[in-house]
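Okay, so here's the structure we're looking at.
Coordinate-derived values only; no laboratory data. If you're wondering where the values come from, they're calculated on a predicted model, not measured in any experiment. Here the Cβ positions follow ideal geometry from the backbone for every residue, glycine too, while neighbour counts run over all protein chains shown.
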Amino acid sequence: MKLTIFLSLFWAMNLLYGEWFAYLVPSRWTCYWTCIYIDYSSSYAKIAAIADPQLMDRTSLPLAREVVRFYSELYMRRTFLSSILPFNPDVILFLGDYFDGSNSISDEEWQESLGSFKHIFNLNRIHKTSNTKTYYLSGNQDIGSSDSYESAFGASNFKVTIGEVDFIGIDAQTLDGHPQGNFTSDTCLKGILNLLDISSNPRVLLSHIPLYRPDWTPCGPHRSSPIINQLVHRVDHGQEIVYQNYITEKSTNSILELIRPALVLSAHDHDQCTVSHAYNNGHATEHTVGTVRWQQGNLYPSFMLLSAKNSSVSPKDALMTNICFLPVQTHIYTWYLSLFAMTVVVILLWPASEVHITRKLSSFTDAEGAMHLIKKTKKVSVVKESSSTQRGNAVMRSKVHKQEDAGSASEDVGTHRTNRPRANMIIWRFLRATRALLAPTFLYMHSSSSRIPWTKIS
């Protein structure tokens, strides 16, 4: 009994941390708004940038898709509600790749994925009950249904002023178009030109696909996975680009000279990367924001906190950034497996007699602590008459034999209980501990699953 209680409390504490407290850590201890930490000032607009949620659909995995999908979406909803929203951002920027297979699923499936996206990131409630604004950048996974995308997320190219900083979002997938005639690229550049004005505000370039950099360019201290070099996939005899790791060098130079940003935010890579770009009489730092989903090859999912000055200052002082890391879900589940292995070992090696000793000691003691089963000596009066003595002795012997028989029977029962096979005791204890541990877990999973509907959300 004591072992069962100990294991149950130990597991409860670990589950409480892994399923709840770990998600509170970023917003309370490990991450902060740089503007408040440095300037102690509230004259900044606060922006949270989130990248590559890539909600799973039928194109994602051939096996155990629903199980992986459940834990993937559960993680993103917990991190958003417990790790990101508590920062109370004025603006939330989504940097693209919202679904896994936008170009391969039907309109009905796309709408279902859109409903899950709105639920995970609590968008309906945010739009109704708060002043937080949301802006969406198109990713390479979002280009399959352009009409559906623009009706749900807005234009692919846009400009929005936050504080005294202009944020310019571009459809990076169209920059490197058909190499003959450059029709797609020219169209994209003309669309970007229409967004620009004579404003002297500092500019931030938003591009889902990162800008060009030479192969093996270092990504800074926050990188956890190997560096990815340029890769371009084409179709139609090498004409149309269908996939690329980075924007080409030519398009990168053109867009930098056209927009002249002070900062570039990108995604697509799934891991954190910080590089510098130089252009004519200018310089820009690019931050590639890591994915918010824990099953994307990056052990350390992240998001970015960006502060934009509300008053006109130099581009260098107008923007402050901070990369924030989310709970490492892989480590949490690995720890659970380790705990399970340790629990099995403890159950197998813990002395089996411990329970029986406790039970045997308790059987000798009543609720008030009296030793009621211990045989006490009884004084017998001696009668001088021979007939009375024989009759008295006979009576006394009968009582003594009855007490001895009862005592031996009790000892036999105790011996039988104590000598039960050790394997039976281990199985009994294991089942009892498992029942105590799994009951609250199943209740928690049931309550969590009821909050993540799979049906379409209008």
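Couplings 3J(HN,Hα) of the range 291-308, computed from phi: 5, 8, 9, 8, 10, 10, x, 10, 5, 10, x, 8, 8, 10, 9, 10, 10, 10 Hz, in residue order, whole Hz [Karplus 6.51 cos²θ - 1.76 cosθ + 1.60, θ = phi - 60°; x for Gly and Pro].
Note that the range 73-129, at 4 °C in a medium of 1.567 mPa s, gets a Stokes-Einstein diffusion coefficient of 103 µm²/s from its Kirkwood radius over C-alpha pairs. Working note: Debye formula, equal point scatterers on the alpha-carbon atoms of the range 1-141, no solvent; log10 I(q)/I(0) at q = 0.12, 0.17 Å⁻¹ is -0.64, -1.04.
Dipole check for the range 28-328: with +1 at the C-beta of Lys and Arg, -1 at the C-beta of Asp and Glu, and the Cα centre as origin, the magnitude is about 980 Debye. Less than 9 Å Cβ to Cβ from Gly96, Lys/Arg counted +1 and Asp/Glu -1: what total charge do the surrounding residues give? Once all neighbours under 9 Å are counted, the net charge is -3. Rg ratio for the range 28-328: its Cα radius of gyration over 2.2 N^0.38 Å, N being its residue count, equals 0.96. Each of Lys118, Lys250, Lys309 was scored by other Cβ atoms within 10 Å of its Cβ. Arranged with the fewest first, they read Lys250, Lys118, Lys309. How much of the pair distance distribution for the range 201-288 lies past 18 Å, counting alpha-carbon pairs only, in percent? Result for the distance tail: 43 percent. Ordering Ile227, Ile209, Ile162, Ile126 from the fewest to the most neighbouring beta carbons within 10 Å gives Ile227, Ile126, Ile162, Ile209.
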